[in-house]
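Asks: I'd like to ask some things about the structure below.
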Amino acid sequence: LKKMEVTLMITMNNPQNFTLKLNHVYPVKRERVFAAWTKPELIEQWWGPQGYTTKIVEMNVEVQGNYKFIMRSPNGIDHIVFGQYLEILPSEKLVFTWQWEQQTDFPITIVTVDFLEIDGKTEVIVTHSNLPNEDEAKNHTNGWTSFLEEKLTSFFQ
């Protein structure tokens with residue numbers, strides 16, 4: 001299987017608002033990729049950076065539905081992310097808020113995931129906006145890159 005590249009762009013909207021954008025192409029139909037993002041039993045198999053495990057505490061995939069995931073690092077530290085689904089277009093788009101439970105100073109950020117069908121393959125575009133500074137944009141870029149390049153790629157093999 002040919003290694004597929006993730007392209008990345010970080011944009012500074014203003015000094016307190018950064019947006020990152022990554023994309024990756026998977027050799028499966030977009031309905032299958034969308035399901036991997038919206039079914040708890042599937043998301044637990046790939047969500048999180050390489051080496052992390054994820055436990056779904058709550059996942060109500062409907063507009064204004066909430067989610068809460070516990071991502072456990074290889075050294076046993078829990079990172080809890082939670083939010084609310086804002087927009088759901090089946091097999092096309094997911095938009096949800098993103099907050100870290102342990103970081104009370106971390107703002108509510110927005111993640112948009114677009115699913116584009118290209119010749120039987122699926123391009124996933126993740127846009128994470130409203131990040132508070134460049135360091136957080138870089139940290140989240142590293143995390144999302146690992147999600148998309150390593151974990152989700154392995155999930156579809």
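The values are calculated or read from the model by the stated rules, or taken from the named source; none is laboratory data. None of these values were measured; they are calculated from a predicted model. Because the Cβ atoms are built from the backbone with ideal geometry, glycine has one as well, and the counts that use them run over all protein chains shown. Accessible surface areas use protein heavy atoms only, side chains included; no ligands, DNA or RNA. Shrake-Rupley method; radii C 1.70, N 1.55, O 1.52, S 1.80 Å.
Asks: Could you list all residues from segment 56-114 that are among the small types (Gly, Ala, Ser), touching a strand residue (DSSP E or B) at 6+ places or on another chain (Cβ under 7 Å) and outside any strand (DSSP E or B)?
Replies: The initial filter retains those residues of segment 56-114 that are among the small types (Gly, Ala, Ser), namely 65, 73, 76, 83, 91.
Restricting the remaining residues to those that are touching a strand residue (DSSP E or B) at 6+ places or on another chain (Cβ under 7 Å) gives 65, 73, 83, 91.
Matches in segment 56-114: 65, 73, 91.
Asks: In addition: Within segment 16-40, track down each residue that is under 18 Å from residue 142 (Cα atoms) and either aliphatic (A, V, I, L, M) or surrounded by fewer than 16 Cβ atoms within 10 Å (Cβ to Cβ) (or both).
Replies: Result: 20, 22, 25.
Asks: Check segment 105-123 and report whether any residue there is under 18 Å from residue 43 (Cβ atoms), in contact with a Phe, Trp or Tyr (Cβ under 9 Å, 6 or more places away or on another chain) and of a type in the set (A, V, I, L, M). Spell out how you get there, then give the answer.
Replies: So the first thing to find is which residues in segment 105-123 are under 18 Å from residue 43 (Cβ atoms), and the list is 111-115, 122.
Within this subset, residues satisfying the condition of being in contact with a Phe, Trp or Tyr (Cβ under 9 Å, 6 or more places away or on another chain) are 111-113, 115, 122.
Right, trim to of a type in the set (A, V, I, L, M) and you get 111, 113.
Looking for residues that are under 18 Å from residue 43 (Cβ atoms), in contact with a Phe, Trp or Tyr (Cβ under 9 Å, 6 or more places away or on another chain) and of a type in the set (A, V, I, L, M), one finds at least one in segment 105-123, hence yes.
Asks: Yes or no: residue 75 more than 15 Å from residue 22 (Cβ to Cβ), free of Cβ contacts under 8 Å to residues at least 40 places away in the same chain and out of contact with any helix residue (DSSP H, G or I) (no Cβ under 8 Å at 6 or more places or on another chain)?
Replies: yes
Asks: May I ask you to list the residues in segment 73-83 that are surrounded by fewer than 17 Cβ atoms within 10 Å (Cβ to Cβ) and either within 16 Å of the chain's Cα centre (by Cα) or among the small types (Gly, Ala, Ser) (or both)? Give the steps one after another, and end with the answer.
Replies: Of all residues in segment 73-83, those surrounded by fewer than 17 Cβ atoms within 10 Å (Cβ to Cβ) come to 73-78, 80.
Within segment 73-83, 73, 76, 80 meet the criteria.
Asks: If we keep just the residues of segment 115-136 that are surrounded by fewer than 15 Cβ atoms within 10 Å (Cβ to Cβ) and in a helix (DSSP H, G or I), which is modelled with the lowest pLDDT?
Replies: Top of the filtered list is 134.
Asks: I'm trying to understand the selection: among the residues of segment 137-149, which are touching a strand residue (DSSP E or B) at 6+ places or on another chain (Cβ under 7 Å) and open to solvent by 30 Å² or more (accessible area, probe 1.4 Å)? It would help to see each step written out before you state the result.
Replies: Restricting attention to segment 137-149, the residues satisfying the condition of being touching a strand residue (DSSP E or B) at 6+ places or on another chain (Cβ under 7 Å) are 137, 140-141, 144-145, 148-149.
145, 149 - these are the residues of segment 137-149 that are touching a strand residue (DSSP E or B) at 6+ places or on another chain (Cβ under 7 Å) and open to solvent by 30 Å² or more (accessible area, probe 1.4 Å).
Asks: Does residue 65 fit the bill of being over 18 Å from residue 27 (Cα atoms), surrounded by 17 or more Cβ atoms within 10 Å (Cβ to Cβ) and not hydrophobic (A, V, I, L, M, F, W, C)?
Replies: Values: over 18 Å from residue 27 (Cα atoms): yes; surrounded by 17 or more Cβ atoms within 10 Å (Cβ to Cβ): no; not hydrophobic (A, V, I, L, M, F, W, C): yes.
Answer is no for this residue.
Asks: Same structure, new question: How many of the residues in segment 92-113 are under 30 Å from residue 29 (Cβ atoms) and either touching a His at 6+ places or on another chain (Cβ under 7 Å) or crowded, with 16+ Cβ neighbours inside 10 Å (or both)? Spell out how you get there, then give the answer.
Replies: First, the residues of segment 92-113 that are under 30 Å from residue 29 (Cβ atoms): 92-98, 109-113.
Pick out the ones that are also either touching a His at 6+ places or on another chain (Cβ under 7 Å) or crowded, with 16+ Cβ neighbours inside 10 Å (or both) and you get 94-98, 109-113.
Total meeting the criteria: 10.
Asks: Follow-up. Can you name the condition, by its number, that residue 51 falls short on among (1) open to solvent by less than 80 Å² (accessible area, probe 1.4 Å); (2) closer than 17 Å to residue 128 by Cβ; (3) more than 12 Å from the chain's Cα centre (by Cα)?
Replies: Among (1) open to solvent by less than 80 Å² (accessible area, probe 1.4 Å); (2) closer than 17 Å to residue 128 by Cβ; (3) more than 12 Å from the chain's Cα centre (by Cα), the lone unmet condition for residue 51 is (2).
Asks: Then there's this: Can you tell me which residue in segment 15-55 is farthest from residue 153 (Cα to Cα), limited to those that are aromatic (Phe, Trp, Tyr) and outside any loop (DSSP other than H, G, I, E, B)? Step through it out loud before you land on a result.
Replies: Quick first cut of segment 15-55, residues aromatic (Phe, Trp, Tyr) only: 18, 26, 34, 37, 46-47, 52.
Now drop any that are not outside any loop (DSSP other than H, G, I, E, B), which leaves 18, 26, 34, 37, 46.
Numbers: 18: 26, 26: 7, 34: 14, 37: 13, 46: 9 Å.
Among those residues, the one meeting the criterion is 18.
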